[in-house]
1. Taking only the alpha-carbon atoms of region 77-159, what semi-axes of the equivalent ellipsoid follow from 5 times the gyration tensor eigenvalues under a square root, in whole Å, largest first?
2. Quick one: what are the phi-derived ³J(HN,Hα) couplings along region 237-244, Karplus 6.51/-1.76/1.60 with θ = phi - 60°, whole Hz, x for glycine and proline?
3. Would you mind calculating the gained length between Ala138 and Ala226 on full extension (0.36 nm times residue separation, minus the Cα-Cα distance), in nm to one decimal?
4. For Thr247, what residues show an amide H to amide H distance below 5 Å, using hydrogens built from the backbone and excluding near sequence neighbours?
5. How much length is gained on full extension from Ser274 to Ser106, taking 0.36 nm per residue of separation minus their Cα-Cα distance?
6. Sort 128-134, 153-159 by the packing proxy (mean of other Cβ within 10 Å over each peptide's residues), most packed first.
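Please treat every number below as a calculation from the coordinates, not as lab data. From a predicted model like this one, the values you see are computed outputs, not experimental measurements. Glycine gets a Cβ as well: all are built from the backbone with ideal geometry, and neighbour counts include every protein chain shown.
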Amino acid sequence: MRPALARHCSFVTDDTLAFDTFQNHLAAFFSGACHHDVKDMFMNTLSRCRWWQFVFGHFLVFSALMVSLSAQALTPTVTSISPAVGPTAGGQLVAINGSGFTGATSITIGGAVCARTSSSPPDDGFLFCTTGARAAGAVSVQVTTPNGTNVANTLYTYDGATPSPSAPTITAISPTTGPTTGGQPVTINGTGFTGAIGVTIGGVTCTSFTVISDSVISCTTGAHAAGVAHVEVTTPAGTNATNMLYTYSAEVSDIQAIPTLSEWGMIALMVLISFIVLRCRSQF
């Protein structure tokens, strides 16, 4: 063996190769320190190492690596928050993105608790929460789970000049009348709908709702007794003022069960065609 190679890749002559010596040889193999006769060196190393030392040693290394990778994968990470700036008074609904959020037990922004909203989706990498009050400045967004807490960051900024979000307002709903049985799709117009966490009509929760924009929400009514009803949208900033914009009507249900003019026309046309077909068949 060449002197330079022997210096970097020397072998022990004992029948048993110590595991740490084997690691040194393996490191030399992967680092490129052995530029000649690498194959012979590596195979000679393996032949001098008892098989159980080789297998057991690599099992330990592999197990430690897997445990380390699993721990890293389970620990939460926070990559972004939107919006990234909010008022010092708090009350700002924010969306936090990252990974490992399943089972989150605590969310803080700058040390102030960020209250998780009931509408926050059961997503491992996404959640909603409402900021608490804090002094102005760049702060860390932290999510804690049973597996730990993400590393510190400066993703969010409390800004004293940012106005606190205002409660939503409702100006109209269309249509304004629907059946007591519910199931009526409606469109609600107003302001401040972003981050809405609840929509009710007459105190009955809409079976589903979608925030189309800050000024438009679509939802489907639930069942309710006949009468005038209050349309209500709730966000982290509050709830709109009382109104009487929608009416549940029992008559609407009955009217909807009656065929429309176009339906009557189709029925009459089918009867006429059947009559003509029967008349034609009787003549043959």
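1. Values: eigenvalues 72, 35, 22 Å².
Output for region 77-159: semi-axes of 19, 13, 11 Å.
2. In residue order, the calculated couplings are 8, x, 10, 5, 5, 5, 8, 9 Hz.
3. Numbers: separation 88, 0.36 × 88 = 31.68 nm, distance 5.23 nm.
Difference between extended and current length: 26.4 nm.
4. Residues meeting the amide H criterion: Thr177, Gly178, Ala229.
5. On the way: separation 168, 0.36 × 168 = 60.48 nm, distance 7.10 nm.
Length gained between Ser274 and Ser106: 53.4 nm.
6. On the way: 128-134: 21.0, 153-159: 18.7.
My ranking of the peptides, most packed first, is 128-134, 153-159.
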